[in-house]
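Any read-out appearing in this document is the output of simple, stated calculations on the displayed coordinates, not a laboratory observation. Note that the structure is predicted; figures quoted are calculated from it, not measured. Cβ atoms come from the backbone with ideal geometry, glycine included; neighbour counts cover every protein chain shown.
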Amino acid sequence: MADKLNAVKGMNDILPPESARWEWFEAKVRALMARYGYANVRTPVVEPTALFVRGLGEVTDIVEKEMYSFEDSMNGDRLTLRPEATAGIVRAMIEHNALYNGPMRVWSNVSLFRHERPQKGRYRQFHQIDVEALGFAGPDVDAEQILMCRALLLDLGIPAEHVWLELNSLGQPAERTAHRAALIAHFEAHADALDDDAKRRLQSNPLRILDSKNPAMQAIVEAAPQLMDFLGEASLAHLAAVRAALDAVGLAYRINPRLVRGMDYYNLTVFEWVTDKLGSQGTVCGGGRYDGLFEQLGGKPTPAVGWGMGVERMLLLLEAVAAQPAVPTVDVYAIVPVAQALPTALATCEALRAAGVEVLMHGAGAESWGSMKSQFKKADASGARHALIFGADELARGEVTIKALRDGSGAQTARALSEVATWAATLQSPAPNH
Ligand code: ATP
Ligand code: MG
């Protein structure tokens, strides 16, 4: 036998029945986006490396150590598997002048790649639901996006006590410059407590130190001067307006002055939805405003705000705190006792499917269709509500037998094959979980 090949470490296969939970989640997301008027976008998985270096900032965890970058062996281009969604979407908007007719609200379901240490809730290929409102200065749209996230949590049946909102403002670049000087002074005064990352970032990007995940750094991070104290009137007013909107709809939040997020492009509003159910992978959704990113990537000044939600983490959270969706099953399992019945069975199943009935047909080798007993076992295991039996006697009469598998009655009814259209609908189950 040839050697087995395995998936790349930290990159997951999603197979049935787990894949059904993903589809269920994605259906909830699609319905949510429709309710809020967000349109779907899809951009490439591979982008020029420069997009992320310029977009996210050179001195960030992602750009310094998490990107899957490679050289195109055909032409030497420097390329990267996208580690986040926003930069690619903004590039696309600029490239296609897509905001020419006005602002846009878009969403995307993306695979992302980061070279991190794999653990529960942290993978090297993972997925995000990403929303972006492009060309809106807010603060109403900041609040709208936060509320979308709450609405999704509700739709998913996640009890509010398990996830909360943390909110902060990163102000504007000039305000951050003043804060930066104070930060450097603070960290210099505690230079011996800094880890290697922090030492390296002290001059280049001290704000990043606040995002440190090193437990040994938490005390010095806690004691650092807060950006909130450096915000001017306009930034404070923006934050107050977001808060007022959230207060108006009764959404509680925690102001977290140390919330800075992992990318450099953010300004003003930043937020995270956090749970205590997933250990140190507790952030399920993070986002904020990025009014400077369009210009940084060569576009016209364009205010914007967005968030990314970790799909794996949401599904883990669901598993921990909410009722699980039922695994979807087909309506009908078609039993074919003898090979001669196959053409009629196929044709009838096609007619049923055309009428919207979900049909799983017994599959077998050319020689053996298996005993009726084994076919009934498979029909049961499939979860179908009805078995259709294409037996020789029935076929001779131009009929098929329908057996109820789930209502406990085991009732059998004969139906005319020539009238499939009239009874097809009686086999359909109500759509589950919607
Ligand atoms: P963390 O602080 O946990 O590393 P992050 O700040 O790097 O998260 P973002 O880049 O803001 O995360 O991405 C938004 C969301 O994507 C996170 O809140 C999380 O739910 C999810 N996410 C980020 N990195 C991973 C990963 N490696 N594996 C699985 N999900 C992830
Ligand atoms: Mg991270």
Per the filter on the stretch 52-80, residues part of a strand (DSSP E or B) and either touching a residue at least 24 places away in the same chain (Cβ under 8 Å) or within 16 Å of ligand 2 (Cβ to nearest atom) (or both) are Arg78, Leu79, Thr80
Being surrounded by 15 or more Cβ atoms within 10 Å (Cβ to Cβ), of a type in the set (D, E, K, R), within 16 Å of ligand 2 (Cβ to nearest atom) and within 16 Å of the chain's Cα centre (by Cα): is that true of Arg150 here?
no
Subset of the stretch 300-313 that is within 16 Å of ligand 2 (Cβ to nearest atom) and among the aliphatic types (A, V, I, L, M) - its residue that is nearest to Tyr266 (Cα to Cα)
Met309
The condition of being over 18 Å from the mean Cα position of the chain (by Cα), of a type in the set (A, V, I, L, M) and surrounded by 15 or more Cβ atoms within 10 Å (Cβ to Cβ) holds, among Val29, Val8, Val41, Val53, only for Val53
Spans of strands (runs of 3 or more DSSP E) in the stretch 348-434 with at least 1 residues without any contact (Cβ under 8 Å) to a residue 40 or more places away in the chain:
359-361, 399-404, 412-416
Exactly one of (1) more than 15 Å from ligand 1 (Cβ to nearest atom); (2) among the hydrophobic types (A, V, I, L, M, F, W, C); (3) more than 21 Å from Val63 (Cβ to Cβ) is unmet by Ile94. Its number?
(3)
Before we move on, is Ser212 surrounded by fewer than 16 Cβ atoms within 10 Å (Cβ to Cβ), closer than 28 Å to Ser280 by Cα and either small (Gly, Ala, Ser) or within 16 Å of ligand 2 (Cβ to nearest atom) (or both)?
no
Taking Ala2, is it surrounded by fewer than 17 Cβ atoms within 10 Å (Cβ to Cβ) and assigned to a loop (DSSP other than H, G, I, E, B)?
yes
